[in-house]
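Working notes for the structure below.
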Amino acid sequence: MSIRYLAPAALVCFSGFASATVVNQAITEAEVLAAQSAWCQALVDISSANDKGGQKAAKALAEKVIDAAYGYQMGSVLFKPTLTVAPQTFRTTRAGALAYFVGGDSAFPKDTGFALKGWTQCESKNAAVFIAGDSASSMGNVMITGKDGKVTTVDKTWKYVKDDAGKLRIVLHHSSLPYSM
């Protein structure tokens, strides 16, 4: 008799799990490629905003881009931009990243605004993408075209994780000019 009464109760308990929310933080290659494409487009858009509305307009857009693409709200981002020198080589704060992209911050006096250089095109080409569940890393080149048609190639490494809302965030960004002899 106790089995007959326990069985329906057990089914009720287990059926509550069937509607549980599943959180999947796994990252796909398509998400990585989309994030790289968005980063490239943002660089061109910031440059264009500068051309049309000056540094103030570029800064306003750069703030939105940094907040949307990078994980500074999660903690320090390991950001080593291309054209920086000691003692400000590494930009672990949002303010440091913003200064690099658009300049105008007296705390970073050598920054002239990398994103303000008149970029008209940007393309990312991966050598490899490594995905391990909830994180992804990529390494390759980013080719950036200036108004004069000259292409600048930089070596780029990015690492991504998802935030609590499931949005991909850059948590590591290393960039350098290719070595030449």
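Here are some notes:
- Cβ-placed point charges (K, R +1; D, E -1), dipole of the chain about Cα centre in debye, nearest 20: 160 debye
- By the combined test of axial Cα extent (at least 24 Å) and Kyte-Doolittle hydropathy (mean at least -1.0), the qualifying DSSP H helices of the chain come to 29-69.
- Only protein heavy atoms count here; under a 1.4 Å probe, Thr112 has an accessible surface of about 100 Å².
- Here the Karplus curve 6.51 cos²θ - 1.76 cosθ + 1.60, taken at θ = phi - 60°, turns the phi angles of region 147-156 into couplings of 4, 7, x, 6, 9, 9, 9, 10, 7, 9 Hz, with x standing for Gly and Pro.
- Dipole orientation for the chain: of the candidates Met181, Val129, Ala86, Ala86 has the Cα lying most toward the positive pole (charges on Cβ; Lys, Arg +1; Asp, Glu -1).
- Amide proton proximity set for Leu172, modelled H, under 5 Å, gap of 5+: Leu78, Lys159
- Computed from backbone phi with θ = phi - 60° and the Karplus coefficients 6.51, -1.76 and 1.60, the 3J(HN,Hα) list for region 164-181 is 4, 8, x, 8, 5, 10, 7, 10, 9, 9, 10, 9, 8, 6, x, 5, 9, 9 Hz; x is used for glycine and proline.
- Only Lys, Arg (+1) and Asp, Glu (-1) charged, at Cβ; region 80-180 dipole about Cα centre in debye: 60 debye
- Computed from phi, the 3J(HN,Hα) profile of region 124-133 under the Karplus parametrisation 6.51, -1.76, 1.60 (θ = phi - 60°) reads 9, 10, 7, 7, 6, 10, 10, 10, 10, x Hz, with x in place of Gly and Pro.
- When only Cα pairs below 8 angstrom with a gap of at least 6 residues are kept, region 62-128 shows a relative contact order of 22 percent.
- Separation of alpha-carbon centers, region 86-123 and region 52-79, rounded to whole Å: 10 Å
- Listed by chain and number, the lysines whose C-alpha is less than 19 Å from the C-alpha of Lys159, apart from same-chain residues fewer than 8 away, are Lys80, Lys125, Lys167.
- Protein-only accessible surface order, largest first, of Asp134, Asp105 at 1.4 Å: Asp134, Asp105
- Neighbour-limited loop hits for chymotrypsin sites (Phe, Trp or Tyr not before Pro), region 146-181 (at most 16 other Cβ within 10 Å; DSSP other than H, G, I, E, B): Tyr179
- Ligands, DNA and RNA left out, the accessible area of region 22-161 computed with a 1.4 Å probe is 57% carbon and sulfur.
- Amide hydrogen neighbours beyond the local backbone of Gly103, cut-off 5 Å, H modeled: Gly113, Phe114
- In a DSSP loop and with at most 14 other Cβ atoms within 10 Å, the trypsin sites (Lys or Arg not before Pro) in region 146-180 are Lys147, Lys150, Lys167.
The values are calculated or read from the model by the stated rules, or taken from the named source; none is laboratory data. These numbers were taken from a predicted model, which means no experiment stands behind them. Quick reminder, even Gly has a Cβ in these numbers, built from the backbone with ideal geometry, and neighbours come from all protein chains shown. Accessible surface is based on the protein model in full, side chains and every heavy atom, while ligands, DNA and RNA are left aside. Shrake-Rupley method; radii C 1.70, N 1.55, O 1.52, S 1.80 Å.
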